[in-house]
Amino acid sequence: MYVSYLLNLKKKMIIRHFKFIILFSIGILTFYWVYSTFSGKDSLVYINENRSLLVLLFLAHLPTLFFDSWSWKILITTKKLTLWWCVIITWISQTASKIMPTGVLTGEFVRIYLGKKKGVSTSQISATVIGDLLLATLSLMILGLMSVMIYFFYYDGSEQKFFDFRFVFFGVFCIFVGSIFFSFGIRYRLIKVFLKRTLFTKQFSCPKSLINNLLKIDFVLYNLSHKLRILLLGLIIRLFGWFGGAMEILIFFWIIDIDISILDAVLIEVFTALMRSIVFFIPAGVGVQELSFVLVGNFIGLSNPISFSVALGRRIREIIIGIPAIITWWIIFEKKTKYQ
């Protein structure tokens, strides 16, 4: 049985690598199309003229990183992970999801992996990462609904753009449905129900250690779902994190000497996050992230070169933040383990 499990796992890994190659290629082609269609060369002028100030994007990201780490920390009951370590692990995991071309959810697996290296049990670290991911999704849904209302009440001529705005409604709807499903799944312990039914009918076979870990994760999530005050606090902190991301965009526009309002920055941050969450299967969101910046930029009256320059600025920020994060990952975790 165990040999059969390993063979099936190997087969799934081959299929997964094949899917990755296809999806990443689609992302690269999309990026090239956006660059060619929406004046990518002109966008580079904004970047090149202000390249000496782009280092400020690293400092601008610190509030967002702090809030994202704090929201995760309050879900963790163990003292083995301090807020400082949560910041470091979140920093590394965000880099994994945004720079490494292996999909958005890569960062969550990295968080679990590094949390285990710090001595937190698999069930505890996995459950808190899932819970924090749910809070991030709920907060994005709330900001998405608020942004839709702001868009129609604040921007002129928005009624004529309703059908161009349908992807935003679709994104909010998908997140709403997914959030409801996961919330009910956690409260009614669907993992436990699924395992019991499949194991009883012998339709599902896997190592006992994996089954035990899944049951423990299910139990921790169930207990966490009853801590409403903690969840509410985490949700509020996550909302501040999204606003921090909007401030990063505002600072980038200040760098390239373009005047926009805070509402414009919030719309750009939320709607691009919605687009990226819809196509989470595209590795690193290549192409899709750039296209979403251009579309939302057009909605609020920005030209194609300016909109695409913001997308390039976001990629540059990810590189500026990501390279030190990867070095930190190797020095603190991998190098220490290797020479112990």
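Treat each spin label as a single point 7 Å out from the Cα along the C-beta direction, and report the Phe184 to Thr82 distance in nm.
Placing both labels 7 Å along Cα→Cβ, they lie 4.4 nm apart.
Given R₀ = 30 Å, FRET efficiency for Asp42-Leu263 by Cβ-Cβ distance, to 0.05?
About 0.70, to the nearest 0.05.
Tabulate in residue order the Karplus-calculated ³J(HN,Hα) for the stretch 327-332, using 6.51 cos²θ - 1.76 cosθ + 1.60 with θ = phi - 60°, rounded to whole Hz; enter x for Gly and Pro.
Per residue, the Karplus-derived 3J(HN,Hα) values read 4, 4, 4, 5, 5, 7 Hz.
Could you work out the mean projected area of the convex hull around the alpha carbons of the stretch 223-272, in square nanometres to one decimal? Show your work: numbers first, answer last.
Details: hull surface 16.3 nm².
Answer in nm², one decimal: 4.1.
Applying a 10 Å radius around every beta-carbon, put 179-189, 109-119, 245-255 in order of their mean neighbour count, most first.
Ranking the peptides 179-189, 109-119, 245-255 by packing returns 245-255, 109-119, 179-189.
Read the figures in this text as sums done on the coordinates, not as results from a lab. The shown structure was predicted, so the numbers you read here are calculated from the model rather than taken from an experiment. Cβ: placed from backbone, ideal geometry, glycine included. Neighbour counts: every protein chain shown.
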